[in-house]
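One structure below.
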Amino acid sequence: MEIDAVARADIESVLSQVQADEMGIDPDVGQWIAARDGAQIAGVARITEIGGVRTIDDIWVSPEMRRRGVASALIAHAGAPIWLICDKEMIDFYEGRGFRLADPRDFPDSLAGLYGARGEWPRASNHKHFAMLLA
């Protein structure tokens, strides 16, 4: 599997699936990375840097490639330090990849502004989000 930075145009073939899974908000913001299995896009993630801090979001893996380490490889490629926000049911998954829960007061203001403008921080429309850091 190869992971590289890609342009939005390179992920158009999967972007509708990403958005169907309620991800890919503001797809022109940040830098997309893609994991490829041959010519097929196995998964994508987006890294955005604002105010000197980075966040990873929209970590998406094609259904047929799930549970094969694709998301872990995307996270490893992104490097540390990097922040994310997630739903409660995903905390264990991210802790297993080295992230730790952070106090919401420690979440960088620049990222809080980004996610707040999207209606995702500190709450989405119907649930709470949790801040995590891979240091």
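General observations
- Test: Gly98 is surrounded by fewer than 17 Cβ atoms within 10 Å (Cβ to Cβ), of a type outside the set (D, E, K, R), touching a helix residue (DSSP H, G or I) at 6+ places or on another chain (Cβ under 9 Å) and not in a helix (DSSP H, G or I): yes
- Cβ pairs under 8 Å, 6+ apart, first in segment 110-129 and touching a residue at least 60 places away in the same chain (Cβ under 8 Å) and under 16 Å from Leu84 (Cβ atoms), second aromatic (Phe, Trp, Tyr) and outside any loop (DSSP other than H, G, I, E, B): Leu111/Trp83
- Taken as a whole, segment 18-28 holds at least one residue that is at negative phi, outside any loop (DSSP other than H, G, I, E, B) and buried (at least 20 other Cβ atoms within 10 Å of the Cβ).
- Odd one out for Arg67 among (1) touching a residue at least 40 places away in the same chain (Cβ under 8 Å); (2) farther than 26 Å from Arg8 by Cβ: (1)
- Check on Ile41, assigned to a strand (DSSP E or B), out of contact with any Pro (no Cβ under 8 Å at 6 or more places or on another chain) and of a type outside the set (Gly, Ala, Ser): yes
- Within segment 36-49, the presence of a residue that is buried (at least 23 other Cβ atoms within 10 Å of the Cβ), of a type in the set (A, V, I, L, M, F, W, C) and in contact (Cβ under 8 Å) with a residue 60 or more places away in the chain is excluded.
- The lone exception for Asp92 - which of (1) farther than 19 Å from Asp4 by Cα; (2) in a strand (DSSP E or B) it fails: (2)
- Every test in (1) under 21 Å from Phe107 (Cβ atoms); (2) among the hydrophobic types (A, V, I, L, M, F, W, C); (3) at pLDDT 95 or above is passed by Ala73 save one, and that test is (1).
- For segment 50-73, a tally of residues being more than 18 Å from Gly98 (Cβ to Cβ) and surrounded by fewer than 17 Cβ atoms within 10 Å (Cβ to Cβ) returns 8.
The values are calculated or read from the model by the stated rules, or taken from the named source; none is laboratory data. The structure displayed is predicted, hence computed values, not measured ones. Ideal geometry is used to build each Cβ from the backbone, glycine not excepted, and the neighbour counts take in all protein chains shown.
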